[in-house]
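The values are calculated or read from the model by the stated rules, or taken from the named source; none is laboratory data. These figures come from a predicted structure and were not determined experimentally. Note that we place each Cβ from the backbone using ideal geometry, even for glycine, and neighbour counts take in every protein chain shown. Remember, those area values only see protein heavy atoms, side chains included, never the ligands or the DNA or RNA. Shrake-Rupley method; radii C 1.70, N 1.55, O 1.52, S 1.80 Å.
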Amino acid sequence: MISILHRKTGTLPPRRLCIQVLRHNPADPASVPHLQPYEIEEAEGMTLFIALNEIRAAQDPSVQFDFVCRAGICGSCAMLIDGRPGLACRTLTRDLGTTITLAPLPFFELIGDLSVNTGKWMRGTAERLQTWIHDATPVAIDTLETPMDPDLAEAIYELDRCIECGCCIAGCGTAQMREDFVGAIGLNKIARFRLDPRDQRSDDDFYELIGDDDGVFGCMSLLGCHDVCPKQLPLQTQIAYLRRKMAVIGFSS
Amino acid sequence: MALIDNNGSHELLDADASGQLVIHAPTTTPARQPRRKSRWPARLDMLQSASGLFLAVFLMAHMFFVSTILISHDAFYTVARFFEGAYFLGKPQPLLVSGVVIVILVIFITHAWLAMRKFPAGYRQYRAFMQHKNSLRHSDTSLWWLQIWTGFALFFMATIHLYDMLMQPALIGPYESADRVWTGNMWPLYLLLLLAAELHASIGLYRLAIKWGWFAAKQPNRYRRRLRWAKHAISAFYITLGLVTLAAYVDLGRAHADRAGERYVPTQQSAPQHPGKH
Amino acid sequence: MEVIHTDVLVIGGGLAGLRAALAARKRGQKVLILSLVPPKRSHSAAAQGGMQASLGNTAKGAGDNEDVHFEDTVRGSDWGADQEVARMFVHTAPKAVRELAAWGVPWNRVEAGPHEVIIDSQRVTLDEPQAAHGLIAARDFGGTKKWRTCYVSDGTGHAMLYAVSDQTVAENIPVHERMEAVSLIHDGVRCYGAIVRNLANGKLLAYVARATCIATGGFGRIYRATTNAVINEGIGAAIALETGVVPLANMEAVQFHPTAIFPAGILVTEGCRGDGGLLRDVDGHRFMPDYEPEKKELASRDVVSRRMEAHIRSGKGASNRFGEHLWLDITLLGEAHINGKLREVKEICQHFLGIDPARHWIPVRPAQHYSMGGIRTDAHGAAYGLRGLFACGEAACWDLHGFNRLGGNSVAETVVAGMIVGEAIADFCATPEGDMHVSTALVRDCWEHESARFADLAASRGTESASALLQRMQTIMSENVGIVRNGEALGAAVEELKTLLLRSWQIGLRSSSPGANPELTTAWRVQKMLKLALCVAHGALQRTESRGAHFRDDYPRRDDAQWLKRTLAYWRDPEQRVPTLEYEALDVRRMELPPGWRGYGARDAIEHPETARRQTEIEQIRARLADADRNAVQQALMPFRHLLPPHLRGPNARLEETA
Ligand SMILES: Cc1cc2nc3c(=O)[nH]c(=O)nc-3n(C[C@H](O)[C@H](O)[C@H](O)COP(=O)(O)OP(=O)(O)OC[C@H]3O[C@@H](n4cnc5c(N)ncnc54)[C@H](O)[C@@H]3O)c2cc1C
Ligand code: HEM
Ligand code: HEM
Ligand code: SF4
Ligand code: F3S
Ligand code: FES
């Protein structure tokens, strides 16, 4: 059969995986955080999404975790996979060892086990950084749209791709120490709106939002954000760029 | 029964040209107006980088001056006298060196003060960072940790060294320095100071480039690989240079130990007469 | 009991819910949104392809307008759509795209000058006009005459959802996340809000509102293989059904997509086949030419899906631990092409299959993709059966899509319906009709009823496992109520689903953790999903014809004489085990485009007696208005503007028409 040629798996027996989940239910006063191991048999193309659901269906219905799209585009399933933030739904078990340790993203409010409240933090950040197009002119919906350079549109999309997964916050040492730090995601949002000509805000306005040590000047260039971002956003260059622009404002009166 | 709570939702109302009711959304008002944000965070951040850059450049230059001992005793002697202004003022003025030391000291303290803001404040932050660093095992995060510690160490070690230079500006010369290094038992301090200073400075320069986006290339990751390579190269070069130099001082210091305290007299009496006590 | 009051309660934070909330909010209503997940995680984010709107900016879109879009949509629906609604939709879609542009969606833009594209595996050079430079571009999508699909690279839904969500933040609309509406508060006549469960701590709350809008998306998860997100379980539709007075319409109309990777169900774009990818079976044989000698792999979505399923049934499927599938082979396109043009496919293959599609074949199988059916509403989004209840988006059967929706029409529907329905909600609230007199006793009753249900379920010592029932239901649906249907399989499915429904009252829980117990949540939802599954299966069994995505090999012809009508499924008695079906006829005499041939697929529909008469009528009107402009002709054929809110009635500017 030709199809066999196209499969990678040989005749090796499937691996037994030990998946250790950091369990804790804050709603239960008796609960203490602990690592709970689950043994499952690895299957072809198994992702952590499949593995965790199999555990929940067959072994322990009480494990909490969040998946929505299970396709790596919604940002719900970020967790610490062997200590590194990543999207569980698109992580293949075959790329990991036989013992896999899963823990909830640090920094965010814990809901239970692997489930954290990133949404609440993201909404707070959106309000704080006012992440929407600021344009006082009423929207004209019957007339031709304002033209935009095709390259600019693509450049904006490049920064718009953030899925608010929170990996960059979990990967940032500064954020671990200082709760009010806006993080790479916040800075990237500002960079995105700054780039957008439809947003009428000036650098002075942006300085009001991120011109302090909880904003761009708080970033210590640790680059954890850049290295863990599952969408591979150019966080490093964007933060550097913003820092230059905001520094210029610092010398205006 | 008043179950509906409409408080607030109507006072925002207004009618637009089409007769439609609209809310004055934040969209139509300029971004938060009230108190203007202080410009100082920007300035302090720049100052931190500028002071760091200055110190790093100074350190590199200083390493070259100090290492002239490797060329010859006279070379080092000449450099030392040069900084005392012997060649413009007619005679060496060690106070000039003290002046420079004071300037460096001020910048140094400024830098340390600015950088200290970034230290973990308190045990909670310290633990949070440690835990994070250990679980993430991420090179740049670990580098920062190294920088914190080397900076912290420099704070003490460099202060001692600077204090020496401030108080005894005249005692810089092949024998004088070598005696200080060996007979004065300064070499262990210098060894540590060398490692700390060079690591701290090269990491600092690397991070300066990242922080401000200097020498940026199209592909951020390739750019970073290059920078990291440059950083390693700088560390390696200066540490080697420093070690060899230190070894030279130790050598000379041991050889000169029985005559410790004797001032160096250049082979050709070309340099102006030293006004020291000798 | 905690009670929260608001003017408008929007259940669902996807594109449809958010846009409706914005419309109501801009009219001064106090609005509150509920969502299972943070709104930006809603499944709308998954739409990659694009949004249809007849801007006509590109060379391949020249000549496009509302009329062309309308015809494509109605033909696509296999005449199941409500044509007035389709008109409202195509008229508003360009406005929606332009509004989104102003809100920051980085639509891809037209680049003036010549550029190369691949059409039907041929290299073609298109020349974009200078005047169009920087205007919103469009790409090609199945079933459309013009290139009409506006897009943002491969993240259209994401960019749209983020822009709209950010607007709701700007308007200060509160979103209560991780909240699940578990039943509607109603007295059989009017809806007063919903009982809601906090998914983080398991508490029940009452949300009392003058108007309630359900925008909870599709119900793909009643199938085993689906491209839908795991939260697309149809609970919003189910709670409307459980009121006993609100019908779900056309539930049997379910769309399948040919190439979802197996078993994950993640979509890989049609572009793979468009660019020359092939489908192969277990022997590596390219089988599509055997069935469709002309169009081969490029036949329409439902046709390819049907052929693939049939081929698997004939024993030619490859298999792995999870079951049978076929292969999508794009290795012949070459590494350069794949890395450049199909980057996203490459990434999906890497992340989810661990293979390189330039060297390995991709395991694929058709999967459930979209639910045309849902809560039946009128043209303003008001649900049948309960005053004060509205619905929009994929959860609703507004009936834009009939029995098959066109790619790109559904994200467009969400925003357009949101604009229109949100306005209708505001109108409703602004009239005396919107006043509300609700007794606290009713609210308390509803709350206590629901609390008791959860308490009973949590304490149940039954023997059935919720996840086992769920899996069995999904299997039945995929196997018997899938792409190719027939009376026998459907009958068997209905019977087994009925037993599953009975068994679901015997679910026992294994864990009793405090807070939000995920097992309890699943158990509770399974009971609801089984009802939806029964609506689909039973509706499909009764509908003895093939129309759009509903294909029966025992009744392969479209039967307009018998079946030009919408199925309405009611669940009047909580004890009943199959839904009560009623039908709502579509009025041929008022159609702007009477039933005919779709332009593709089978040509042998059984004609409706009125069709010929309406056809002549239309020809007469057209002849009479031969010199009038297209808007006047349209107005004479089927007026619709009066149905739109005044500010959406204006004509849409187009490059050609302004020039
Ligand atoms: C893989 C994929 C690709 C697609 N691509 C395209 C495309 O290219 N073009 C196109 O036009 N269409 C596409 N579609 C279809 C389109 O994306 C959806 O039809 C549309 O986004 C649905 O939007 P919605 O707002 O109605 O629902 P959703 O976006 O699904 O939102 C539903 C909301 O309701 C909430 N909710 C659900 N139940 C409850 C409850 N009980 N209580 C409270 N809240 C609840 C959820 O949290 C969510 O916020 C695609 C679909 C899929 C699956
Ligand atoms: C000769 C001495 C020193 C040199 C050459 C030097 C050099 C530098 C440089 C170039 C930077 C990068 C600046 C930036 O990121 O903006 C830096 C950062 C830093 N320095 Fe120093 N420094 C010296 C002494 C010190 C001392 C004494 C301390 C501590 C007490 C210190 C602590 C730090 C810290 C913590 C940072 C990191 C700041 C950040 O991450 O933003 N340094 N140093
Ligand atoms: C103006 C200020 C300074 C002067 C004049 C000065 C001068 C000298 C001199 C003369 C020596 C040779 C050894 C000796 O004589 O003791 C020396 C060595 C050294 N100095 Fe400085 N120094 C200054 C500032 C600094 C600073 C700020 C640092 C780093 C933080 C530094 C780090 C060192 C080190 C590491 C050595 C040992 C060199 C080696 O190992 O080769 N110095 N310095
Ligand atoms: S920037 Fe990257 S890591 Fe951070 S939230 Fe966005 S997608 Fe996630
Ligand atoms: S990891 Fe953190 S410190 Fe800055 S560069 Fe990234 S935000
Ligand atoms: S579930 Fe959506 S990114 Fe993983």
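Summary of values
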read-out	value
Members of region C:518-543 that are open to solvent by 10 Å² or more (accessible area, probe 1.4 Å), touching a residue at least 60 places away in the same chain (Cβ under 8 Å) and within 14 Å of chain A (Cβ to nearest Cβ)	C:LEU520, C:THR521, C:ARG525
Tally of residues being open to solvent by 10 Å² or more (accessible area, probe 1.4 Å) and farther than 21 Å from B:LEU205 by Cβ across region A:210-232	9
Hits in region C:1-39 (condition: touching a Phe, Trp or Tyr at 6+ places or on another chain (Cβ under 6 Å) and open to solvent by 10 Å² or more (accessible area, probe 1.4 Å))	C:MET1, C:ILE4
Sole exception among (1) open to solvent by 30 Å² or more (accessible area, probe 1.4 Å); (2) in a strand (DSSP E or B); (3) not β-branched (Val, Ile, Thr) for C:GLU111, by number	(2)
Enumeration of residues in region A:195-209 that are open to solvent by 10 Å² or more (accessible area, probe 1.4 Å) and facing another protein chain (nearest Cβ under 7 Å)	A:ARG198, A:ARG201, A:ASP205, A:GLU208
Positions within region B:102-119 being modelled with pLDDT under 95 and either open to solvent by less than 80 Å² (accessible area, probe 1.4 Å) or of a type in the set (Val, Ile, Thr) (or both), in sequence order	B:ALA115, B:ARG117, B:LYS118, B:PHE119
Leading residue by the ranking (farthest from C:GLU71 (Cα to Cα)) among those in region C:408-422 that are of a type outside the set (A, V, I, L, M) and open to solvent by 10 Å² or more (accessible area, probe 1.4 Å)	C:THR414
Members of region A:166-175 that are assigned to a helix (DSSP H, G or I) and more than 9 Å from ligand 5 (Cβ to nearest atom)	A:CYS167, A:ALA170
Matching residues, region C:632-659, being away from every other protein chain (no Cβ under 14 Å), part of a helix (DSSP H, G or I) and more than 30 Å from C:ARG557 (Cβ to Cβ)	C:ALA632, C:VAL633, C:GLN634, C:GLN635, C:ALA636, C:HIS642, C:LEU643
Matching residues in region C:444-458 - criterion: being open to solvent by less than 60 Å² (accessible area, probe 1.4 Å), more than 14 Å from chain A (Cβ to nearest Cβ) and not aromatic (Phe, Trp, Tyr)	C:CYS446, C:GLU450, C:SER451, C:ALA452, C:ALA455
Residue within region C:204-213 that is within 14 Å of chain A (Cβ to nearest Cβ) and surrounded by 24 or more Cβ atoms within 10 Å (Cβ to Cβ) present	no
Flag for A:TYR157 being within 7 Å of another protein chain (Cβ to nearest Cβ), within 16 Å of ligand 1 (Cβ to nearest atom) and part of a helix (DSSP H, G or I)	yes
Answer from A:MET122, A:MET177, A:MET148 - the residue that is within 7 Å of another protein chain (Cβ to nearest Cβ) and within 16 Å of ligand 4 (Cβ to nearest atom)	A:MET122
Search result, residues across region A:179-204 that are more than 18 Å from the chain's Cα centre (by Cα) and in contact (Cβ under 8 Å) with a residue 12 or more places away in the chain	A:PHE193, A:ARG194, A:LEU195, A:ASP196, A:PRO197, A:ARG198, A:ASP199, A:GLN200, A:ARG201, A:ASP203, A:ASP204
A:ILE210, sole failed condition from (1) over 24 Å from B:MET116 (Cα atoms); (2) in contact (Cβ under 8 Å) with a residue 40 or more places away in the chain	(1)
Residues being within 10 Å of another protein chain (Cβ to nearest Cβ) and either among the aromatic types (Phe, Trp, Tyr) or assigned to a helix (DSSP H, G or I) (or both) - total across region C:345-399	7
Residue in region C:118-134 that is facing chain A (nearest Cβ under 9 Å), open to solvent by less than 20 Å² (accessible area, probe 1.4 Å) and more than 16 Å from ligand 1 (Cβ to nearest atom) present	yes
Residues (under 21 Å from C:ARG525 (Cβ atoms) and small (Gly, Ala, Ser)) located in region C:185-213	C:GLY193, C:ALA194, C:ALA200, C:GLY202, C:ALA206
All positions within region B:194-247 that are within 13 Å of ligand 2 (Cβ to nearest atom) and either among the β-branched types (Val, Ile, Thr) or loosely packed, with under 15 Cβ neighbours inside 10 Å (or both)	B:ILE203, B:ILE210, B:TRP214, B:ILE234
Only one of C:LEU530, C:LEU520 that is under 11 Å from C:ALA238 (Cβ atoms) and not in a loop (DSSP other than H, G, I, E, B)	C:LEU530
Cross-chain or 6+ apart pairs with Cβ under 6 Å, region C:231-259 first and closer than 25 Å to C:GLY142 by Cβ, then part of a loop (DSSP other than H, G, I, E, B) and acidic (Asp, Glu)	none
Members of region A:26-48 that are touching a strand residue (DSSP E or B) at 6+ places or on another chain (Cβ under 9 Å) and within 11 Å of another protein chain (Cβ to nearest Cβ)	A:PRO26, A:ALA27, A:ASP28, A:SER31, A:GLU41, A:GLU42, A:ALA43, A:GLU44, A:GLY45, A:MET46, A:THR47
Neighbours by Cβ (under 7 Å, 6+ apart or cross-chain): first from region B:104-118, within 14 Å of chain A (Cβ to nearest Cβ); second assigned to a helix (DSSP H, G or I) and within 15 Å of ligand 3 (Cβ to nearest atom)	B:LEU114/B:SER51; B:ALA115/B:GLY151
